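Nothing in this text is a laboratory measurement; each read-out follows from the coordinates by a stated rule. This is a predicted model, so every value here is computed, not measured. We place every Cβ from the backbone using ideal geometry, glycine too, and count neighbours over all the protein chains shown.
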Amino acid sequence: MARSGQKTSARSGGAQRRSSQRRSRPGDDVGIIPVLARAVREVESSVERGKASPANRTKFQVIALLMREERKHAKADPELTDAERAETLKRLDGVATILAKTAARDTSLIQLLAEDAKVSDAAHKLRRDMLIASGTELSPDDLIIVKEPEAPNPLVEKQVVPLSVRQAQLANPFLAPDLTAIQSQPKPQASRLANWELLDPLFKSFEYGAGGGAATMDLPEDGPHATPGGMELMRHQARLMAKVKEGHRTFLLADEPGLGKTAQALLAAAASKAYPLLVVVPNVVKTNWAREVELWTPKRTATVVHGDGDDVDAFSDVVIVNYEVLDRHVGWLSRFGFKGMVVDEAHFIKNMQSQRSKHVLALSKSIRTLKPDALMMALTGTPLINDIEDFRAIWQFLGWIDDKKPQPLLMDKLEETGLTPADFGFFAEARKAVVEMGIVRRKKVDVAADIPARRIADLPVELDGEAGRSIRAAEDALVARLLDKYRRVLAAKPDGAREDLIRAVAHAELEESKGTKSGENVFTMVRKIGQAKAVLAADYTAQLARSVGKVVFFAKHIDVMDAAEEHFARTGLKSISIRGDQTSAQRQREIDAFTNDPEVHVAVASLTAAGVGLNLQAASNVVLAELSWTSAEQTQAIDRVHRIGQSEPVTAWRIIAAHTIDAKIAELIDSKAGLAARALDGSDEEVVAESNVQLEALSALLRDALDASAG
């Protein structure tokens, strides 16, 4: 029988062939039915003694296939009399009954009866042999067994090519590899270390060869501080930019969180003209990467790959894709012609057997093949999590090693040492050689003089799924209600000033929201946003904790705190809780555990309960999962960490739901905090009341909606 796509034609062809030859009559010991009867008895006897062997499983399936074909033919054969047809069907029913009894004894056989059950090459061959034994004349096509195709590769089936990518490929159909770097490389010479196993000694060199030195390559003392976006670089960032301008192209950038790895990667791409640039990131930060592209390199465009990539703009300079959807896009990404690749949170690829690691390594190899001097950057605050072998995937991504040995550039550096793994001093020199390939590691305490003592970093996130749709629907309903009220007020006061009418409508909506206990309003919407952000914020907190140690997680609502604590428990992070319903003694025990127990990584704290009077300076990183209505409450929370005795700069990470009222509230809090600083020298008690921010948030929603409808 031919391959599976030919089954139908083969079956009908077999029926047609048998209709043109002498038919066996009921009672004859010729034809296919006696062959099936003998075969089914053999299978039955085998199963009575135990489970069917592989050979008998194949025979069972072929009997079922041929029985179906013969039944179909008997019903349609015009040469058979009604009596002959009835007798043939009766004999086939006898075969079917034995098949059913046999399957009842060995239930694993039942799956072979399914219409879509895979038919192996062995089954095709047995079918042919049984037809020949029955005296059926077969065509040349039936005599030749075509090898069954391999099962479809699920990865290939999942591959997509967004429409915009097809358009970009049509606009530039020929992508020639850049051979200049290959041509400029010297021909490989006979290597003194060629017969040495070097990867294991290289990994061990980071355990035994440190000698107290930091794992950071030599960087120029300083570089330009200006950026395309008009931002000012910090000194440690400028030093890396200077190295890029010298021509260095591979970096394991392992700076602690809060030192601007994203900015350094984007500016390195600008300095090396590594566009188009591929950026692979965790889902929680992909929106932030698009925002950072606009902030640091405003003349460059970015596109974020969501799902199947239906809204991808393949003509953008920077393509941002998260690990979770990489399997769908690895095909077109590998052929796109990127001139640089950045992998954020590169410790995500440490498991060489995981699919995402394989995808990332395949992409990096394809990029380096087309562009040997491509910019390759691995960003992670925790390059090592379990053991020194965690380096393997990152070094392979960067092109420093392959799966067996160092690549030529690293091998040259090792050759220059004049040492072998058997020589004293090899570990120290080998470690230095790898570091000079591009390892850069700075801690906040090391560059404290270069960075602010306290800063707030916003991390926008996309709210996907049902929660995101619900929040967008609620915000649309709120905007529609505001617009309806505005139109009614405008009809009553056609001469009223627009801003006065906007504020009047926003004030009325706010008062109604305060008085209602149910329905959708600005307060329930903000709470829903907090609930939707809970796991995203907790996931980012977990990443921080693994990078820098202790982190304080602030939330406004108890259910957000509960969701975060459950996530930390699932990921193996121990946390403590600071809530409003605790006694003073309970609270102090939790704080002491956070301060003194090295196994406790996260303090989950209520914005209102932990906002004042507490000392949490065991951490220098704060995550604000929910926004407060006032800058004062936000400041008080951050100051639980930023206190006298804090030896490190403090970074507060605000998790903001992009494209929602959450982003507007963040802007208002920041603007009011600045006004308060000017007006009251640090006190914003009168300048920023809660109702003030709530009122202006509603006013902004209405104002944007009016502008959109006018446009």
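Quick notes
- Model label points for E566 and R166, set 7 angstrom from Cα along the Cα-to-Cβ axis, are 4.2 nm apart.
- Distance between the modelled labels on L483 and D77, one decimal in nanometres: 7.3 nm (7 Å Cα→Cβ projection).
- Each DSSP beta bridge with both residues in the stretch 215-443 is either parallel or antiparallel, and the antiparallel ones are about 10%.
- In order along the stretch 541-553, phi translates into HN-Hα couplings of 4, 4, 4, 4, 4, 6, 8, 10, x, 6, 9, 9, 10 Hz, rounded to whole numbers, per the Karplus curve 6.51 cos²θ - 1.76 cosθ + 1.60 with θ = phi - 60° and x for Gly and Pro.
- At R0 = 51 Å, FRET efficiency that the Cβ-Cβ distance of S470 and N351 yields, to 0.05: 0.90
- Nearby lysines by direct alpha-carbon distance to K75 (threshold 23 angstrom, same-chain neighbours under 8 apart not counted): K7, K90
- Long-range HN-HN contacts of I656 with modeled amide H, under 5 Å: L459, V461
- Extension gain, E246 to E511, is 89.3 nm, computed as 0.36 nm per intervening residue step minus the present C-alpha separation.
- Couplings for the stretch 437-444, taken from phi via the Karplus curve 6.51 cos²θ - 1.76 cosθ + 1.60 with θ = phi - 60°, read 5, x, 7, 10, 9, 10, 9, 4 Hz in order; Gly and Pro are left as x.
- Volume in Å³ per residue [convex hull over Cα atoms, computed for the stretch 527-686]: 117
- With the highest mean first, a sort of the peptides 565-574, 35-44, 277-286 on other beta-carbon atoms found within 10 angstrom per residue produces 277-286, 35-44, 565-574.
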